[in-house]
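Nothing in this text is a laboratory measurement; each read-out follows from the coordinates by a stated rule. Predicted model, so just to flag it, every value in this text is computed and none were measured. Using ideal geometry, Cβ is built from the backbone for each residue, glycine included, and neighbour counts are taken over all protein chains shown.
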Amino acid sequence: MNKIVFAIILFAASITLSCGQKIGGVKIPKTIPKVTTKTPVPLSEDEIAKGLKEALTKGAKMAADSLNKKDGFYGNPLVKIPFPPELAKMESTLRSIGLGKEVDKFILSMNRSAENAAIEAAPIFTNAITNMKIADAKAILKGADTSATSYLRKATYDSLYSTFTPHIKKALDNNLVASQWTYLATSYNKLPTTHTKVNTDIVAFTTGKALKGLFVKVAEEEKKIRHDASARTSDLLKKVFGSN
């Protein structure tokens, strides 16, 4: 009998609670509110495109600026232009006959020439970035760490090469690289142990190495924006790359 009474009391209490009655002065809600989570608003295509263009512009400018100064190339082991690697035998031979200082001077001059030419990169990059399509921007955002750099290399390399070449040549001439190269090459070619004469296009070599170094720096800046929150210096960059 007591069990039946107790069950009836529990049933009545449950009805009371479901009706929103007060228990001990505290009103029990009729229904328990559902916990909802706010769904993030997806990025629009326009935001993606603008964010990518801002990131690329920022990264490309910083890369060009970092190289367009004294020791921008020469002082950075990652981008420093060496004596032509395919002529390593020539370099070692020249050093062995006491022309080490001339070789070092030649290497310095090549790097100074690249530093002088780096100023031309930013406007070429800007033009390519401005013409970027939304489909390219979306692919870059979801791509690898250096997919934006790859896009820029493909879109700008020929223009950069054409623009860099006369500046490299002028800088090489100003730094007496042409005459230094002529002296080194002539000295090497006159040696009795030299069977294959050298005639390397030093302007093409320096231009190619300068562009390689430029894209190394662009890739560095891209990785910073993708992985380092402090490198995202605008609300748009934070939104685009923070959600990636």
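Figure the gain on full extension for LYS69 and SER44 (residue separation times 0.36 nm, minus the Cα-Cα span) and round it to one decimal in nm. Intermediate results must be reported in sequence, preceding the final value.
Working: separation 25, 0.36 × 25 = 9.00 nm, distance 3.87 nm.
Full-extension gain reported as 5.1 nm.
How do the peptides 105-118, 65-78 rank, highest first, by the average count of neighbouring beta carbon atoms within 10 Å per residue? Let's see the in-between values first.
Working: 105-118: 23.3, 65-78: 16.1.
Ranked by mean Cβ neighbours within 10 Å, highest first: 105-118, 65-78.
With the crude spin-label approximation of a point 7 Å out along Cα→Cβ, what separation in nm comes out for GLU86 versus LYS223?
Placing both labels 7 Å beyond Cα along the Cβ direction yields 2.9 nm.
Evaluate E = 1/(1 + (r/R0)^6) for LYS138 and SER230, where r is the Cβ-Cβ distance and R0 equals 35 Å; express this FRET efficiency to the nearest 0.05. Present the calculation step by step, with values, prior to reporting the outcome.
Numbers: r = 25 Å, r/R0 = 0.72.
It comes to 0.90.
Given a Förster distance of 22 Å, report the FRET efficiency between THR196 and TYR161 from their Cβ-Cβ distance, rounded to the nearest 0.05. Could the numbers behind the result be given before it?
Working: r = 27 Å, r/R0 = 1.25.
Result of the calculation: an efficiency of 0.20.
Using only alpha carbon positions, build the gyration tensor of segment 45-242, then give the equivalent ellipsoid semi-axes as the square roots of 5 times its eigenvalues, largest first, whole angstrom.
Working: eigenvalues 311, 43, 37 Å².
Ellipsoid half-lengths, sorted descending, are 39, 15, 14 Å.
Taking 41 Å as R0, compute the FRET efficiency from the Cβ-Cβ separation of SER96 and THR57 and round it to 0.05. Walk me through the numbers before you get to the answer.
On the way: r = 48 Å, r/R0 = 1.18.
Taking R0 as 41 Å, the efficiency between SER96 and THR57 is 0.25.
Multiplying the sequence separation of LYS105 and SER147 by 0.36 nm and subtracting their Cα-Cα distance, what value in nm do you get?
11.5 nm
On average, how much area does the Cα convex hull of segment 118-218 cover when viewed from any direction, in nm²?
Average projection, Cα convex hull of segment 118-218: 8.3 nm².
Going by C-beta contacts inside 10 Å, put TYR161, TYR188 in order with the fewest on the left.
Numbers: TYR161 15, TYR188 20.
Starting with the residue having the fewest Cβ neighbours, the order is TYR161, TYR188.
Give me the mean projected area, in nm² to one decimal, of the convex hull enclosing the Cα positions of segment 175-214.
3.4
May I ask you to evaluate 6.51 cos²θ - 1.76 cosθ + 1.60, the Karplus curve with θ = phi - 60°, for each residue of segment 227-232 and list the ³J(HN,Hα) values in order in whole Hz, giving x for glycine and proline?
10, 10, 4, 5, 7, 8
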